[in-house]
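Input: a single structure, listed below in structure tokens.
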Amino acid sequence: MSFWGYVRPDGSAGTRNYVLVIPQGLIAKAICDFVPGTRGILTVDHGSGRTAGDREQIARLLIGLGRNPNVASVLLHAASPGVGYPELSAERLAEEIAQGGKRVEVLDPAKDGGTYGAIARGIQLARLMVYEASLQRRVLVGDDRLSIGVKCGYSDTTSGIAGNPAVGYLYDKVVGAGGTAMFGETTEIIGAEHVLARRAVSRQVAQAIQDAASAQEARAKSTGLDIRTVNPVPSNIKGGLSSLEEKSLGAIYKAGTSPIQGVLKYAERPPRPGLYFVDNWMGHLSIFAGYVAAGANLVLFQLGGGGVAGRTVLEGSPSVVAPFLWATANPRTYAAAKDSIDFYSGTVIEGTETPEEAGERFYRIATDIASGTLARSETLNYTDPIDMYLEEPRF
């Protein structure tokens, strides 16, 4: 099958067609509030007091977001990004984003008449860039242009039985068609890392998977905690999970069965199509922005029921420019949040569909949304601030 996408100069295809305004701040917010068709990042300035490693990670996130195929062009402002650090200079960010072939414009309050002047010029440029983007038309492209990222959350017994296997079916379809799929949450593979390592394409990749899990467990122990006693969290236990190993064995089903091509850092772009493990954290306000910076043009949240069933899911998209799909296999979660859930696989538990039939239905929904159908989260004009995944201490 295939989807209708916006073809970019670098050969990728967008599922959406936005003008991105970065980095965050008053200038970006004013432009995005004023001009429809623009998107910005809602977050705090992480540049001040950060180590060089974390500043490089912030830069990788911003550059990756700008190069995402869902972005038609980029408007970048130089209002003290990174407090003058060279890693976060507007010139460096603009140059690397422009390597993808898309239009990049830079606003500089020092040259544009201060903050007011930069906002006025930014609105003028953004209107023109949005108009230019509107001239583009979707064309039919192959599923090799799909790039997907996933996390699971509030995991319960339905997650491993039906929810994550349905995602895994979708992942196998995308990877089998020549597309790209990413999964992560390093704390969520501990106890099952040896199973993933057996699927690695090489001994080096297998070792990298095991090293990532070992490093996370050692980091927890350095604080005096055993991660296997604090995870699963109370909501997972309420949902029927008894141990981290049990939780991890259910979580890795979302990666399907394809060979794992490599281990990526947060916001790192895969070097070629295929399935990749991302060494990241489990927080959804950081993980999805990292997937999008790595090139994902569609992202998925597979939702369990622990701590969620009984309340409506009223959350916007933390993925900045990519459609954000909610999925669940928990019937109580689905009943409470039908207006928010894009895909329900509890049919497998109910006996009305096989896992393969549910996965095929998920694939059709995902490609429909890639072609322009709105994800449920896109019908909300609300977004929480993202939280960049940064590992080093702040000084």
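Things to note:
- Descending principal axes extents, region 242-291, alpha-carbon based, whole Å: 37, 27, 12
- Fully extended contour minus Cα-Cα distance, from R394 to T352, at 0.36 nm per residue: 9.9 nm
- Dipole-positive endmost among T38, L93, I58 within region 18-135 (Cβ charges, Cα centre): T38
- Each 10 Å bin from zero holds the following percent of Cα-Cα pairs in region 1-41: 28, 36, 28, 7, 0.
- Taking D342, D10 and counting other C-beta atoms within 10 Å, the order from fewest to most: D10, D342
- Lys, Arg +1 and Asp, Glu -1 on Cβ, resulting dipole of region 142-379 about Cα centre, debye, nearest 20: 360 debye
- The length gained by stretching the chain between D33 and R332 to full extension, at 0.36 nm per residue less their Cα-Cα distance, is 104.0 nm.
- Expressed as a whole percent, the proportion of Cα-Cα pairs in region 8-144 lying more than 23 Å apart is 31%.
- Pairs beyond 24 Å (Cα-Cα), from K102/K173; K102/K254; K29/K102; K29/K111: K102/K173; K102/K254
- Only Cα pairs under 8 Å and 6+ residues apart enter the sum, and on that basis the relative contact order of region 148-224 stands at 27 percent.
- Per residue, the convex hull spanned by the Cα atoms of the chain amounts to 128 cubic angstrom.
- The stretch between S48 and L128 holds 25.5 nm of extra length on full extension. This uses 0.36 nm per residue minus the Cα-Cα distance.
- Taking Cβ atoms as reference points and 14 Å as the exclusive limit, the residues near T115 contribute a net charge of +1, counting Lys and Arg as +1 and Asp and Glu as -1.
- Which of K29, K111 has the fewest Cβ neighbours within 10 Å, and the rest in rising order: K111, K29
- Mean separation of Cα contacts under 8 Å (6+ apart) over length of the chain, as relative contact order %: 22 percent
- DSSP H segments from the chain that extend 20 Å or more along their own axis, Cα-based, with Kyte-Doolittle mean of -0.5 or above: 52-67, 114-134
- For the chain, the antiparallel share of DSSP beta bridges with both residues in that region comes to about 15%.
- Sorted by Cβ density within 10 Å, fewest first, the residues L128, L325: L128, L325
- Mean separation of Cα contacts under 8 Å, 6 or more apart, over the residue count of region 18-135: relative contact order %: 31 percent
- Most positive-pole-ward Cα, G5, S222, T186, against dipole of the chain from beta carbon charges: G5
- Computed from the C-beta positions of T257 and S222, the FRET efficiency with R₀ = 35 Å rounds to 0.50.
Laboratory data are not the source of any read-out in this text; all were calculated from the coordinates shown. Nothing here was measured: the structure is a model prediction, and the numbers come from that model. So basically every Cβ, Gly included, is an ideal-geometry build from the backbone, and we count neighbours across all protein chains shown.
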